[in-house]
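The values are calculated or read from the model by the stated rules, or taken from the named source; none is laboratory data. A quick note: this is a predicted structure, and the numbers were derived from the prediction, not measured. Just the protein is used for accessible areas: all its heavy atoms, side chains included, with ligands, DNA and RNA removed. Shrake-Rupley method; radii C 1.70, N 1.55, O 1.52, S 1.80 Å.
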Amino acid sequence: MENKLPPGQFETESWPILHQGDVYQFDEETWRFKLFGEVEEEKVLTYQEIMDLPKTVSTVDMHCVTTWSKFATSFEGVRVMDLVDLVKLKEDVKYVMVYGYYNGDPFGYSANMPLEELLGDDALFVYRWKDRKNEWQDITPKHGYPLRLIPPASFYLWKGSKWATGIKFMKGDVPGFWEELGYSMSANPYKEERYR
């Protein structure tokens, strides 16, 4: 799907900033990342524990529901699959809800996705990025620092929770923040799945 523009999209070389609610101000002392839901035992990680995990660099195309697409942005971060490996899932876990800060609530923002589609190298919780015009740099607070999910190009970017705080493992699919407001549950830009 690389460099293939989905229907209704235009290409941009910038990385537009769109977000809902306040910009989270990172506090390492209080920030935590939680793995919970349909797991044998919950796990809570500090920022340092996240940073001590194996790192992956992946180049991803991003597609925003507001109609912009940005190709070939490289990110460094922790793969979703490496976080999944830290817990023992119960049987029949097929979906996740990825949480992030929203107006001070660490679990106020959420985005639902099928787990299977997040188990490749192109699903990362990222903290650094670069592109053709920019060298490696930390993502900014407005882009989701200290940790933000960048989903595969088969999802619109609203599935990429900013200021990420955890993954809830689920057997069934339930709507997240934008899905409850009428956005698509599956959000595939190549099928133009913007709304329900």
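In table form, for the structure just shown:
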read-out: Pairwise centroid distance, computed over Cα atoms, of region 81-99 with region 112-184, Å; value: 15
read-out: 1.4 Å probe accessible area per residue over the chain, in Å²; value: 47
read-out: Unsatisfied cross-links (Cα-Cα over 32 Å) in the set 4/34; 55/171; 90/142; 4/88; 55/133; 34/142; value: 4/34; 90/142; 4/88
read-out: Accessible surface of region 12-152 [probe 1.4 Å, protein heavy atoms]: carbon and sulfur percent; value: 44
read-out: Cα gyration tensor shape of region 57-155, rounded if a/c is under 1.5, else prolate or oblate by comparing a/b with b/c; value: prolate
read-out: Candidate aspartates and glutamates for bridging to residue 70, where Cα separation is under 19 Å - those fewer than 8 sequence places away on the same chain excluded; value: 2, 11, 13, 61, 121, 122, 131, 135, 138, 192, 193
